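The values are calculated or read from the model by the stated rules, or taken from the named source; none is laboratory data. The model shown is predicted, which means the values in this text are computed figures rather than measured ones. When we count neighbours, we look across all protein chains shown, and the Cβ atoms used for this are built from the backbone with ideal geometry, even at glycine. The protein model used for the area step is the full one, side chains on, heavy atoms only, and it has no ligands, DNA or RNA in it. Shrake-Rupley method; radii C 1.70, N 1.55, O 1.52, S 1.80 Å.
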Amino acid sequence: MTTKADQKLLKLAIISTLALITAVLIVPAYADATANLAVSAEVNASCTISTTDLSFGTYDGIFTHASQHLTETATVTTNCTAGSIVVITMGGGVYPAWRRPRGIIRSMKNEGSNSYLKYEIYADAGRTFVWSWDRFRMSSVASVTGTGASQDMTVYGKVFKNQKDAAAGSYTDTVSIGVNY
C-alpha cells in the first residue's frame with residue numbers, strides 16, 4: 001500500500017505544481033505607474049563633393065583656335081542626404097578679369113610670365129549660362145535633390161578663340177566650388 005500512497009502523493013504534488021504554475025501565468029501583473037518614452041532623431045543635410053579636372057589640352061591662338069573656341073568638359077560629383085536640395089556654385093577663380101558688363105571673365109595665368117588666357121565655365125551644353133557664385137541664379141540650372149547616392153553634373157568649359165597674345169607656356173587657375181543646402 002505504500003506504493004499506492006506514494007503514487008497518490010506524487011500525482012498530488014505534480015497536479016499542485018501544475019496548478020500553481022498555471023495560476024502564476026494567468027494572474028495579471030499590475031504596475032503602480034506608467035509613462036511613455038518619447039523617441040526622436042534629427043537628420044541634418046550633408047554632402048560630399050568631388051570633381052574631375054577641366055583640362056583643355058593645347059590651345060593654338062594663331063591657327064586652330066583663331067576662329068573657333070577650345071571646349072572641354074569636367075564633372076562635379078555630389079553625394080547628399082536624401083531629400084536635401086542643394087545648389088552648386090562656382091567662384092571666379094584666382095585670376096578673374098573684370099571685362100564683362102554683368103561680371104567677370106575667368107582667366108588662367110601662365111606660370112612663366114604675366115600672360116593670361118581667358119576662359120569660361122558654363123552650366124549648360126550650349127555654353128550660354130555662366131556658372132557663378134550666385135546661389136539664387138544657379139538654383140535654376142545647378143540644383144540637385146539628394147538621394148544618398150552619388151550624382152554627377154557636367155561642367156562645360158570654353159577657352160575663347162583668337163587670343164593671339166597668349167605667350168607660350170603652361171596656364172592654370174583654381175575655381176572654388178560651393179555646395180549650398
Query raised in the report: Calculated from DSSP H runs of 4 or more alone, at -39500 (n - 2.57) each and per residue, what is the 222 nm mean residue ellipticity of the chain, nearest 500?
Result: -5000 deg cm²/dmol
Requested in this report: Run the dipole for the chain about the Cα centre, Lys and Arg Cβ at +1, Asp and Glu Cβ at -1, nothing else charged, and hand back the magnitude in debye, nearest 20.
Outcome: 240
**Report entry** Relative contact order (%) - criterion: Cα under 8 Å, at least six apart; region: the chain
**Finding:** 29
Query raised in the report: Near residue 161, within a Cβ-to-Cβ distance under 15 Å, what is the net charge of the other residues, with Lys and Arg +1 and Asp and Glu -1?
Result: 0
**Report entry** Relative contact order, percent, the range 81-145 [alpha-carbon distance under 8 Å, six or more residues apart]
**Finding:** 39
Requested in this report: Leaving ligands, DNA and RNA out of it, rank 9, 37 by accessible area with a 1.4 Å probe, largest first.
Outcome: 37, 9
Report task. Sort the following peptides by mean Cβ neighbour count (other Cβ atoms within 10 Å, averaged over residues), highest first: 137-143, 60-66. Result -> 137-143, 60-66
Report summary line: On the accessible surface of the chain, probed at 1.4 Å with all protein chains in place, carbon and sulfur together account for a percent value of 56
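Compute the accessible area per residue over the range 115-181, keeping the other protein chains in place, probe 1.4 Å, unit Å².
Numbers: 3570 Å² over 67 residues.
Counting only protein heavy atoms, the per-residue value for the range 115-181 is 53 Å².
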Query raised in the report: Where does helix 2-26 land angle-wise versus the long Cα axis of the chain, in degrees 0 to 90, nearest 10?
Result: 40
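For a Förster distance of 41 Å, can you work out the FRET efficiency between the beta-carbons of residue 172 and residue 82, rounded to the nearest 0.05?
0.65
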Query raised in the report: Quick one: length gained pulling residue 60 to residue 35 fully straight, 0.36 nm per residue minus the C-alpha distance?
Result: 1.2 nm
Query raised in the report: Kirkwood hydrodynamic radius of the chain from all distinct Cα pairs, in Å?
Result: 21.8
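Summing +1 for each Lys or Arg and -1 for each Asp or Glu, what net charge is found among the other residues whose Cβ lies under 14 Å from the Cβ of residue 180? Walk me through the intermediate numbers first.
Values: positive: 135, 137; negative: 134.
Result for the local shell: +1.
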Requested in this report: Kindly give the semi-axes, whole Å and largest first, of the ellipsoid equivalent to the range 99-181, taking each as the square root of 5 times a Cα gyration tensor eigenvalue.
Outcome: 29, 14, 12
